[in-house]
Structures are given as C-alpha cells and as structure tokens.
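Structure, as structure tokens:
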Amino acid sequence: RHKFFLRFVAFLTLIALLVAGGVAALSYLFTRHFGGDHSIALLVWVGGCGLALLLPMVALGLGARVFRRYGVPLADMMEAADAVAAGNLQVHVREQGSRDVQQLARSFNRMIKEPAGTPNHRRTPPADVAHELRTPLHIIQGNLEGVLDGVYQPTPEHIEATLEETRQLARLVEDLRTLSLAESGELPLVREQVDVSDLVADVATSFSVQAETAGVELRTVVNGDLAPAQNNGARLFVLGDAGRLDQVLSNLMANAIRHTPGGGTVTLAATTVGNRVQIRIADTGVGIAPGDLPHIFDRFWRADRARTHSDGAGSGLGLAIASQLVKAHGGTIQVVSEPDKGTVFTIDLPAVGAESIEQRVNKD
C-alpha cells in the first residue's frame with residue numbers, strides 16, 4: 001500500500017512541476033512577445049506560476065481524496081485477502097472510505113469471523129473466498145498502477161472497466177451474504193401468495209431476448225391446477241417470497257441457456273403432484289459429467305476450473321444460493337443430467353390453496 005501511495009504522490013508531483021514550469025515559461029514569452037518590460041514580464045511570470053501551482057494543488061487534493069476513499073481501502077482489502085489465502089484468519093479490514101467500500105469491508109470481516117467448525121465453515125474454506133476476492137482486487141490495483149505509471153490512459157473506457165471490477169466485488173460479497181444468511185436460517189423472506197403461472201411467465205419473458213440471441217427455443221408449460229382458474233375450479237399456489245423464487249429460476253434459466261448450443265431447447269414447466277408444486281428447467285445442452293453431479297451445489301464449484309466471471313461463468317455461487325433458497329421455502333432441488341443429452345433441474349415446493357394461505361397470513 002505504501003509503495004502504491006508513493007507512486008501516486010510521485011506521479012502527481014511530476015505533473016505539477018511540468019504544468020508549473022510550462023505555464024510560467026509561456027507567460028513570460030507571451031509578455032515579451034507583446035513588448036512588455038521586464039517588470040511586467042516578471043509580474044505575469046509570477047502570476048502564471050501561482051496559477052500553474054494552484055491548479056495542480058487542487059488536482060493533488062482531489063486525487064488524494066479519491067485515493068483515501070478508494071485506493072487505500074481496496075489495497076487493505078487485497079492484503080487481507082492475501083493473508084487469508086495464506087491461512088491467517090485473524091486479519092481485520094478497517095472500515096474506511098466511501099459508503100460502498102465500507103460495506104464491502106464490513107461484509108468481508110463478518111465472513112472471515114464466521115465461527116470455525118460450523119457446517120457453513122467446513123463447506124466454504126476461507127481460502128476459496130479469498131481467491132475469489134483476490135482476482136478483481138488485483139485487476140483494480142493493476143489498472144490503477146498502470147494509470148499512475150503512464151502505461152494506461154485514464155480514458156472513460158478504462159475507468160469503466162475498472163469500475164466493473166468493483167461491481168463484481170459488490171455482487172460477490174452480496175452473494176456470500178445471501179448464502180450465509182440462508183444457510184443459517186436468518187435470511188428474511190417476504191412470504192405471500194405466489195402465483196406459479198405468473199412466476200413462470202415473468203421468468204420466461206425476462207429471458208426471451210437472451211434465448212433468441214443465443215438461437216435457443218424457449219418453451220413454457222403450466223398445467224391446469226396452477227393455471228388461472230376456469231369454471232371456478234380450485235387453484236394451488238406457493239406460500240413464499242416471489243423475489244427469491246424468481247432469483248432461483250433466473251439462475252437456472254441463465255445456466256440452461258448458456259450451456260445449450262444454438263438450435264437447442266430450454267423448457268420451463270410447472271405442474272402439481274399431489275399437494276406439491278414441481279417446477280422443471282430442462283435443456284438439450286452439453287450436460288454434466290456424472291463425476292461432477294454430486295458437487296454442483298457446492299460453493300465456488302465449476303465444472304471447468306479455468307472459467308471465470310469474465311467469460312460469463314459467474315462466481316460459482318449461483319447454484320449453492322438456489323439450493324439454499326429452495327430449502328428456505330421448505331422444498332428440495334434435484335438434478336438429472338447426461339453429457340451431450342441435456343440437464344433437468346426439478347424444484348419441489350409445498351403447495352397450498354388460496355384459503356389455506358389466507359388462514360396462515362391471518363394467523364401470522
């Protein structure tokens with residue numbers, strides 16, 4: 001961090017000296033060109049020096065403020081991630097900088113302080129978490145150092161690329177927070193009557209453009225017990241958090257479309273089996289190897305370890321989150337797959353009628 005700061009100061013100091021000298025020289029030559037005497041030339045030279053020094057000082061002050069708000073906290077977090085990866089679980093990141101960076105540090109500290117020996121801890125070695133955090137942190141540091149060293153120009157495109165890495169960090173920390181809360185049973189759920197037919201339709205609409213772009217046919221099927229009632233027939237619903245259930249289906253749909261070649265099909269179907277609701281996401285994609293099936297709901301698992309978030313593979317938390325969210329709704333999730341023949345995810349949730357839901361809501 002100190003090396004990074006020294007580079008930052010040296011870079012801004014060099015810019016200040018160059019600007020000051022250049023403006024002063026131009027002021028002197030300008031005055032001499034228009035016939036001013038030495039006293040006027042000296043006055044203009046002094047004024048030019050003052051202005052040339054003032055502007056870099058303002059830039060230096062603004063740069064130092066940005067460095068304190070973002071550079072220092074991110075450098076601290078990268079050092080902490082390196083320490084955790086080396087096995088040191090006693091590190092603590094100071095909560096400083098902007099509000100978003102403070103939240104990132106707070107989540108990082110809470111994640112590291114998770115009690116050792118708990119099931120959650122055994123499933124998620126801190127080294128895996130640190131590895132996922134180190135990648136975007138190193139990219140951010142490399143980009144900033146490249147700008148300071150003159151390797152990169154601070155163009156809008158370069159700044160946007162660096163900013164995207166900070167967004168990736170925020171998404172990763174939020175995913176970890178969601179997963180930890182779900183596994184511990186502390187994730188707040190807004191339970192309400194969820195119309196499964198509407199849920200399926202909303203998810204299908206959200207992914208229609210993505211499927212069309214990928215050349216994948218998207219199908220939806222909803223059976224009569226879940227479809228809008230006709231002739232005053234009874235309907236079944238799910239008592240749950242519509243937003244979280246949408247999150248589960250969206251994750252599975254994104255995976256299905258991503259792993260299905262053009263010309264294939266992804267089917268989102270909902271049906272009832274007794275007093276249960278089953279939602280199936282089936283694709284005709286590349287499938288999953290038998291040896292990988294037992295691990296797909298593990299944190300940070302990827303069939304291809306070389307895949308990263310940069311190529312659309314995500315952080316490896318999506319299926320783990322989906323599994324825990326389904327469990328939080330009292331349901332189960334299963335997968336059946338064959339290489340080159342496709343994959344089928346089946347979500348099984350308890351179903352209730354509208355009257356039962358009303359009674360539960362009134363009771364709560």
Odd one out for Ser180 among (1) among the small types (Gly, Ala, Ser); (2) at pLDDT below 70; (3) not in a loop (DSSP other than H, G, I, E, B) | (2)
Those residues of the stretch 268-292 which are closer than 14 Å to Lys341 by Cα and free of Cβ contacts under 8 Å to residues at least 60 places away in the same chain, in sequence order = Thr284, Gly285, Val286, Gly287, Ile288, Ala289, Pro290
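Table: residues versus (1) β-branched (Val, Ile, Thr); (2) surrounded by 14 or more Cβ atoms within 10 Å (Cβ to Cβ); (3) at positive phi; (4) outside any helix (DSSP H, G or I).
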{"residue": "Glu145", "(1), (2), (3), (4)": "no, yes, no, no"}
{"residue": "Gln153", "(1), (2), (3), (4)": "no, no, no, yes"}
{"residue": "Thr166", "(1), (2), (3), (4)": "yes, yes, no, no"}
{"residue": "Arg171", "(1), (2), (3), (4)": "no, yes, no, no"}
{"residue": "Asp202", "(1), (2), (3), (4)": "no, yes, no, no"}
All but one of (1) assigned to a helix (DSSP H, G or I); (2) open to solvent by 40 Å² or more (accessible area, probe 1.4 Å); (3) within 27 Å of Ser107 (Cβ to Cβ); (4) aliphatic (A, V, I, L, M) hold for Val190; which doesn't?
-> (1)
If you check every pair at least six apart or on different chains, which have Cβ atoms under 7 Å apart with a residue in the stretch 80-91 that is closer than 16 Å to Arg110 by Cβ first and a residue that is assigned to a loop (DSSP other than H, G, I, E, B) and at pLDDT 65 or above second?
-> Ala80/Val91; Ala80/Val93; Val84/Val91
For the stretch 238-284, enumerate the residues that are among the β-branched types (Val, Ile, Thr) and within 18 Å of Gly318 (Cβ to Cβ).
-> Val248, Ile257, Thr260, Val266, Ile279, Ile281
Would you confirm whether any residue within the stretch 350-360 is open to solvent by 20 Å² or more (accessible area, probe 1.4 Å) and modelled with pLDDT of 90 or more?
-> yes
Does Val129 fit the bill of being within 29 Å of Ile257 (Cα to Cα) and either at pLDDT 80 or above or acidic (Asp, Glu) (or both)?
-> no
Does Val248 qualify as being in contact with a Lys or Arg (Cβ under 8 Å, 6 or more places away or on another chain), at pLDDT 90 or above and closer than 20 Å to Val200 by Cβ?
-> no
Considering the stretch 204-227 alone, what residues qualify as being part of a helix (DSSP H, G or I) and over 28 Å from the mean Cα position of the chain (by Cα)?
-> none
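The values are calculated or read from the model by the stated rules, or taken from the named source; none is laboratory data. Computed from a predicted structure; not experimentally measured. When we count neighbours, we look across all protein chains shown, and the Cβ atoms used for this are built from the backbone with ideal geometry, even at glycine. When the accessible area is computed, the model is the full protein with side chains, heavy atoms only, and any ligands, DNA or RNA have been set aside. Shrake-Rupley method; radii C 1.70, N 1.55, O 1.52, S 1.80 Å.
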